[in-house]
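Undergrad: Okay, here's the structure, questions in a sec.
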């Protein structure tokens with residue numbers, strides 16, 4: 001065998017050896033799969049043993065817990081509070097409705113509505129609610145729901 005031939009053969013042997021090693025590594029990795037879903041999937045966005053996303057439900061209840069509940073329907077995903085007056089501002093009261101629209105933990109799966117009234121002339125008059133107030137409530141609920149999900153994944 002000439003020196004020229006051994007130089008040509010050497011790269012071919014190296015390429016072949018790498019191919020064999022790559023095939024063995026891929027076969028070993030394929031055997032690890034087992035076809036099972038990851039355990040963390042239990043805390044996926046679709047946790048719906050109560051009819052709606054449980055993280056959104058629990059976060060919503062926590063967020064509006066300062067006010068007395070008028071209705072809480074976990075199957076339909078509706079939470080309605082009764083009128084609540086802050087002791088530091090008794091001339092104003094609010095009522096909150098939270099609707100969970102989906103089984104997924106997504107921002108568009110949540111709707112919050114608020115009504116506000118102010119005391120005037122011995123009665124209550126409807127007053128506008130700032131859009132930022134409703135948005136803030138939605139943000140609080142979504143943040144709490146994501147935190148609950150993170151904790152469930154971690155455990």
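The values are calculated or read from the model by the stated rules, or taken from the named source; none is laboratory data. The structure presented is a predicted model; accordingly, all values stated were derived computationally and were not measured. Counting neighbours? That spans all protein chains shown, and the Cβs are built from the backbone with ideal geometry, glycine included.
Undergrad: Take the conditions part of a helix (DSSP H, G or I) and at pLDDT below 90 and apply them to residue 30. Does it pass? Before you say what the answer is, go through the steps one by one.
TA: Details: part of a helix (DSSP H, G or I): yes; at pLDDT below 90: yes.
For residue 30, the condition - part of a helix (DSSP H, G or I) and at pLDDT below 90 - is met.
Undergrad: Could you please let me know if residue 62 is in a helix (DSSP H, G or I), at pLDDT 95 or above and touching a strand residue (DSSP E or B) at 6+ places or on another chain (Cβ under 9 Å)?
TA: Values: in a helix (DSSP H, G or I): yes; at pLDDT 95 or above: yes; touching a strand residue (DSSP E or B) at 6+ places or on another chain (Cβ under 9 Å): no.
So residue 62 fails the test.
Undergrad: Would you pick out the residues in the range 70-86 that are exposed (fewer than 14 other Cβ atoms within 10 Å of the Cβ) and more than 28 Å from the chain's Cα centre (by Cα)?
TA: Hit for the range 70-86 is 86, nothing else.
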